Amino acid sequence: MDRGLRVIRAFGERRAFLTVTEVAERTDISRAAARRFLKTLEALDYVGTADGQRYFLKPSVLTLGFAYLSSLGLNEVVQPVLTSMLDRTGEPCSFAVLNETDVLYVARAYNHQPLRAAIRVGDRLPAFSTALGRVLLSGKSDEELRAIMTTIQLTRHTPDTIIDPVLILEEIAKIRRRGHAFSASEQIFGLTAIAVPIRNAAGEIIAGLGVSTQFPEMAAKLETIIVPQLKDAAATIELAMRTNPSPLSI
């Protein structure tokens, strides 16, 4: 099952069509195994082939993601809070979880405006260079963080991206003290973001809630005005999850 899911994850926005060889390279499995898994997924209607050589994902694969999102109860618990934050700030609000060393966006409320950064539900970004990612990493122990720093590729996405492991760890220590994360132009140039943690009943960080903006006048207000609103919204989600438990709150 693990390798089958790795085959599905091999596809993406800039790799909609993949050959058996490309799938094998991206998943680190043999060509024979890659071909076998692709044929199985094709029989299950999760992938198709245009010319017998290149494979692509079919709409049925969405049922896997929708099953996960439905199990979280996001529509009932999280989405109304995100929509409320969007109405109050006019800026996109996102709910995300940590997936290995990436931040995975699982719910989002935003206005369709030309300048908005094109982040969608299901997108993954490096945790080390995003406010949401860092707030999620702040729930890890120092030992876990040091191990993570040795396994990820610290890529400079913009001139402002922090790629020094020591400085990243110092930033995460600040997040623990102040209770929120802040980033400016580190992942996407011109995008400023703020994020707070979502905790379960045991006090463990299980998700993050964040607001981002590409407008300087709003960026100046994030830490002074938006953070208290985000913390109130996080408290609302935490209470709702304790009342209506989901896989996230365990």
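Remarks
- Mean residue ellipticity, 222 nm, helices only, the chain: the sum of -39500 (n - 2.57) across DSSP H runs of n ≥ 4, divided by residue count and rounded to 500, is -12500 deg cm²/dmol.
- Paramagnetic label zone (point 7 Å from Cα along Cα-to-C-beta, R146; backbone N under 20 Å) in segment 153-189: 153-154, 163-177
- Equivalent-ellipsoid semi-axes for the chain (Cα gyration tensor, √(5λ), whole Å, largest first): 33, 21, 19.
- Close amide H contacts of Y46 (hydrogens built in the peptide plane, cut-off under 5 Å, sequence separation of 5 or more or a different chain): none are found.
- Choice from V121, V77, V166 showing the highest fluctuation, given a GNM over the chain with Cα pairs closer than 10 Å: V166
- Length released on extending from E217 to R31, taking residue separation times 0.36 nm less the Cα-Cα span: 61.7 nm
- Think of a 1.4 Å ball rolled over the protein heavy atoms: the chain then has 52 Å² of accessible area per residue.
- Between segment 221-237 and segment 132-179, the Cα center-to-center distance that results, in Å: 22 Å
- Distant-in-sequence amide contacts of Q187, defined by a placed amide H-H separation under 5 Å and a gap of 5 or more residues or a different chain, comprise nothing.
- Between Q79 and N99, the FRET efficiency estimated from the beta carbon spacing at R0 = 22 angstrom works out to 0.65.
- Karplus-derived 3J(HN,Hα), 6.51/-1.76/1.60, for each residue of segment 147-158, Hz, glycine and proline x: 5, 4, 4, 7, 9, 9, 8, 7, 8, 7, 7, 9
- Length gained on full extension, N244 to H157: 27.4 nm, using 0.36 nm per residue less the C-alpha separation.
- Reachable aspartates and glutamates, given that their alpha-carbon falls under 13 Å from the alpha-carbon of K221 and they are not under 8 places away in the same chain: E91
The values are calculated or read from the model by the stated rules, or taken from the named source; none is laboratory data. Being a predicted model, the structure only gives us computed values, none of them experimental. Neighbour counts are summed over all protein chains in view; Cβ atoms, including those assigned to glycine, are modelled from backbone coordinates with ideal geometry. Side chains included, ligands, DNA and RNA excluded: accessible areas come from the protein's heavy atoms. Shrake-Rupley method; radii C 1.70, N 1.55, O 1.52, S 1.80 Å.
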